[in-house]
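J.: Take a look at this one; I'll ask things after.
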């Protein structure tokens, strides 16, 4: 008995070492090229369709309770006629040292062996701690059990659950798609190929601004893009070590009239 | 009782009970059979998805799609990765089209109006088709007065409708939709000898000059062009392409531009021509007819144009030189330019600019597509096939019967045209729409058609991609409600009418018609015939791939030429006119299609209602965009309700303070303000078309949306605008980091 406890304790110690994910087979990463993103919002609807996100209606939207897992933020600088507008899609950054994971009292959000920040809906008791700790404001809370007007419910994706009242939810990098790809790869006794897994937002992005893949594979497209000199990560000074890498937008400073 | 007897009686009793139960259940719905999953339906494996290829019908781009179907239900729609237009991608509206299929407010079966002005009552399909054939049979054989109104259809449904109308001896087939690019077609016909919309090769261009073309959200072919935009910026080889946007209201495309040029509304054509003048006079033009161009363009010198357009002379010259020097460059003229009263001439001006800069018919410029090839299909005659012509005929009582399919003029035509009043004079209107939109609500008979995910069909993308794209649509799921395909309804009506009509339309189903038509295509088209040994194989391959298209080789070279003598007479003589006195109505009104609701058709999909607008983040309602300085002068702040008056009408909307708009201009999205159209769309905001005067472009017949001035007064009406954004300022957080173009040039490129 004591031996088992010791082994478990050792195992746990392994998991809590920063950077432990580097030992694992995959480290899922998303690269967002802000110079390609035009802010169209296709990813927002694609995510809704894939992940059974409920529509909450105007009144709930006013209270800031919309359940979208990805959003396009828009920043405006300057005054007429020298307006600069910048767009950035923001989803769960799947931080490798995630503040939300520290806070959760019931271990509903934890780090899995692929470097993903995972949310277990069945464990969640709705303390809201994770959302409070998250510096990126990407966690969404189900204030009610939302209903789908029939027959809109026939569209619901059977690969993942519909969340109920009192549960926190967030972007999962479309873990259901990762699972399917892993199963297939296992059946065929191989590794997942680069580009085989595409979350719904990446799949639909018309401009190709979003790219998804395994950072542990040095030849993958995300690994190549991660070496881009334009690379940065969101609020990097917080040391959350996000799994989403942004590439800087190319944009002249100052009023556009003076641009060459 | 002996033990043996007891068992015997027990057995009989149990057997009787069982038999009674079975008989009772079986006889309850007569003929109903319960088939166990031991004998599963074909191609259904629980938990395993099937993907069916089709075409998106949320706008006219013609994107190829694939639909994920599990146990007979559509779960997700994605771009068809093989399709040359969508390239595996879809926009927000395409993604949301599943909610059209499963919309709770769809018309669930045929209905007829009990009496004029009364309510609808559900009927059977037999009864509905009988009413339709009966009314068609009553029509005069020589002058039938049968009118048909559809959106601009392109595939074989178009040729079937033409065949249907020809069989009835009626020439009155109209195509109407708010954004149907008639101006673009007209401008290309007049100036560039192009009968189709060409492919604007954004992907390979290095300098994109957009005149109000918001291809990022709605214009022409948003998915394909956004793909091109991404490649132009980063994905392609060589230099990063630059984007300059000319428009009075910064659209989503303008927001992504490197430079935004807020020209005065209605003067964009003149601005384009002043750039063309600069290019010709500086000797960049390579053609032999430079002299002719110089004299045609002499009226548009940058110095004078600067005063008209409110863009500095030096700026015009600088952009013009850059446009000519950067190879290849491309100018596109979009909805904003096309929606003025002189929309065609503005777009002709853009063609001229492309021509003098040498962008016609080159890679990275304007690439011609091949001509239309569907036998029996036809394009609208720009002279006669106008919504105003149809409404005039209706008000004069010449329309005896009108068949409407999937177009909603009662919402999308300016109120000043009084479409409602005209349609009320038609004795018999039958609507084939899937939704209770305003026009369908005014019908006498409703024969609801399938949505595209339940129906057969095809589409011929326009613009294609330099090579023709034939897209096939097949039913992905069985009908959700008691509906029929639009083609099947027309064929059934023709059968019911009997006589020569039935003889000419002998097909039993639209599927059979489609298959036979494609067999004809296969026989005539050599490239198609060589792709598969038999038609059956070709057909199944087409269904599997979602259509047929040639491998994207080098785009076919076809000379496109704009002549000074041809384009000259169609150039804009003066800025476009706006109704209303400048003193009384101080603001130009600019209308644009909402990114999610387009011309209003997306407003019944809750996903689109709840998706924040890219430029304002407003959800579930409409708004009016006012420059913050102007709003300060008016004494209104964000969220306040204002009354907007034009000489033609009035709407009331909440204010959004929009920094990217000229102080003398206000803008509104089209899409909200439905009085019908289901629970998600009804009664949200106002329809800005209520203020638009009844004006159309003289050449093309396109509705002139941007043709009025408005005044703004505060309103005491209550209303609330819900926006999802907090601050639009970064407040030093460096969320969207940037590098300057100079710095970017110095960065090593091999790492990417």
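J.: Mind ordering B:74-85, B:537-548, B:165-176 by average Cβ neighbours within 10 Å, highest first?
T.: B:74-85, B:165-176, B:537-548
J.: Here is a further query. Averaged over its residues, how many other protein chain Cβ atoms are within 10 Å of peptide A:242-253's Cβ atoms?
T.: Partner Cβ neighbours, averaged per residue: 5.
J.: Right, next: Once you keep just the Cα pairs under 8 angstrom separated by 6 or more residues, what percentage relative contact order results for region A:20-247?
T.: Here the relative contact order equals 30 percent.
J.: Further question on the same structure: May I have the pair-distance distribution P(r) for region B:403-494, computed from all Cα-Cα distances with 5 Å bins from 0 and rounded to whole percent?
T.: Cα pair-distance distribution for region B:403-494, in percent: 3, 13, 18, 18, 16, 14, 11, 6, 1, 0.
J.: Further, regarding this structure: So what does the Cα-only Debye profile of region B:384-456 read at q = 0.13, 0.18 Å⁻¹, as log10 I(q)/I(0), no solvent term?
T.: Taking Cα atoms of region B:384-456 as identical point scatterers yields -0.37, -0.67.
J.: Just to check, using Stokes-Einstein with a Kirkwood Rh over alpha carbon pairs, what's the diffusion coefficient of region B:211-351 at 20 °C and 1.002 mPa s in µm²/s?
T.: 138 µm²/s
J.: Now a separate question. Which order do peptides B:726-738, B:213-225, B:60-72, B:446-458 fall in by mean Cβ count within 10 Å, highest first?
T.: Averaged packing, sorted descending, gives the order B:213-225, B:446-458, B:60-72, B:726-738.
J.: Remind me, what semi-axes does the protein assembly as shown give for its equivalent ellipsoid, largest first in whole Å, using sqrt of 5 times each Cα gyration tensor eigenvalue?
T.: 45, 41, 28
J.: What relative contact order, as a whole-number percentage, does chain B give when Cα pairs under 8 Å and 6 or more residues apart are counted?
T.: 17 percent
J.: Could you let me know the centre-to-centre spacing of region B:87-106 and region B:688-713, using Cα atoms, in angstrom?
T.: Using only Cα atoms to place each centre, the spacing works out to 30 Å.
J.: Roughly how far apart, in whole Å, are the Cα centres of region B:295-355 and region B:579-622?
T.: Between the Cα centres of region B:295-355 and region B:579-622 lies a distance of 27 Å.
J.: May I ask for the angle, rounded to the nearest 10°, between helix B:156-167 and the longest principal axis of chain B, with both axes built from Cα atoms and the value confined to 0 to 90°?
T.: Relative to chain B, helix B:156-167 is tipped by roughly 80 degrees.
J.: Output the Kirkwood hydrodynamic radius of region A:117-234, Cα pairs only, in Å rounded to one decimal.
T.: 17.1 Å
J.: Follow-up. Which value in deg cm²/dmol, rounded to the nearest 500, describes the helix-derived mean residue ellipticity at 222 nm for chain B, given -39,500 (n - 2.57) per DSSP H run of n ≥ 4 and division by the residue count?
T.: Here the helix-only value at 222 nm equals -9000 deg cm²/dmol.
J.: Starting with the highest mean, order B:652-665, B:239-252 by the number of other Cβ atoms within 10 Å, averaged over the residues of each peptide.
T.: So the order, starting with the most tightly packed, is B:239-252, B:652-665.
J.: Region B:211-270: Rg/Rh from Cα coordinates, Kirkwood Rh?
T.: Expressed as Rg/Rh, it is 1.00.
J.: Find the centroid of the Cα atoms in region B:410-433 and in region A:182-260, then give the distance between the two in whole Å.
T.: 50 Å
J.: Considering every Cα-Cα pair within region B:125-248, what fraction, in whole percent, is farther apart than 17 Å?
T.: Here the tail beyond 17 Å accounts for 71 percent of pairs.
J.: Calculate the translational D of chain B in whole µm² s⁻¹ from Stokes-Einstein, where the hydrodynamic radius comes from the Kirkwood formula applied to all Cα pairs, the temperature is 37 °C and the viscosity 0.692 mPa s.
T.: After rounding, the answer is 118 µm²/s.
J.: For a quick check: sort A:248, B:363 by the number of other beta carbons within 10 angstrom, fewest at the front.
T.: With the fewest neighbours first, A:248, B:363 line up as B:363, A:248.
J.: Next question. Where the convex hull is taken over the Cα atoms of region A:20-247, what is its projected area averaged over directions, in nm²?
T.: Answer in nm², one decimal: 14.4.
Each reported figure results from applying straightforward, stated rules to the coordinates on display, with no laboratory input. Treat the numbers as computed from the prediction; the structure is a model and nothing was measured. Cβ: placed from backbone, ideal geometry, glycine included. Neighbour counts: every protein chain shown.
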